[in-house]
Amino acid sequence: MITHVLDTSAILAHYLNEPGADDVNAILAQGPDVAGISLIALVELRGRLAEVAANPQEAERAFKLYTDTLTTVLPFSREIADAAMDLRAAIRPRLPLVDALIAASAKKHSAVLVHRDPHMATIPASLVSQLMLPPKK
């Protein structure tokens with residue numbers, strides 16, 4: 001059962017061994033049945049890994065590790081789109097679309113959203129449970 005949905009920022013914190021990496025590691029250690037990543041986040045993750053990895057081969061290796069081995073890729077559905085629309089309508093300032101879809105994936109699975117994005121922290125815990133990682137140093 002998926003208990004945590006990892007935002008791209010959480011995966012990058014883990015990959016780069018930044019503050020919060022230990023929290024993400026503890027979640028990933030429980031297996032891909034616990035740690036999910038929204039299908040919507042894959043494009044963002046691949047792009048960010050290409051920016052921070054030593055070379056394209058390392059970026060692809062890390063992408064496959066996180067998306068094929070360490071997490072379960074969570075499908076996108078109309079239900080998630082509806083939940084994202086509800087989140088965007090309820091929160092000011094408005095959430096960016098991708099973040100609303102990722103948060104909606106966590107909501108659909110009754111999972112904890114793991115991130116370090118201040119704008120996601122504006123989502124009330126009554127709508128989506130969250131673990132906000134410490135900011136980068």
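The gain in end-to-end length when the residue 69 to residue 1 segment is fully stretched comes to 22.9 nm, 0.36 nm per residue minus the alpha carbon separation.
Expressed per residue, the C-alpha convex hull volume of region 80-137 stands at 70 Å³. Counting only DSSP H runs of at least 4 residues, each contributing -39500 (n - 2.57), and dividing by the residue count of the chain, the helix-based mean residue ellipticity at 222 nm comes to -13500 deg cm²/dmol.
R0 = 22 Å: FRET efficiency of residue 58 with residue 98, Cβ-based, nearest 0.05? Don't skip to the answer; put the middle values down first.
On the way: r = 24 Å, r/R0 = 1.10.
After rounding to 0.05, the efficiency reads 0.35.
Against the longest principal axis of the chain, how steep is helix 78-90, in degrees 0 to 90 to the nearest 10, with axes from Cα atoms? The angle comes out at about 70 degrees. Between residue 125 and residue 34, residue separation times 0.36 nm minus the direct Cα-Cα distance comes to 30.8 nm. Could you give the distance between the Cα centres of region 22-96 and region 103-135, to the whole Å? Centre-to-centre (Cα) distance: 13 Å. Taking only the C-alpha atoms of region 7-99, the Rg (one decimal) and the largest Cα-Cα distance, Dmax (whole number), read 14.3, 41 Å.
Values quoted throughout were computed directly from the atomic coordinates according to the rules given, and no laboratory measurement underlies them. No experiment lies behind these values; they were computed from the predicted model shown. Note that we place each Cβ from the backbone using ideal geometry, even for glycine, and neighbour counts take in every protein chain shown.
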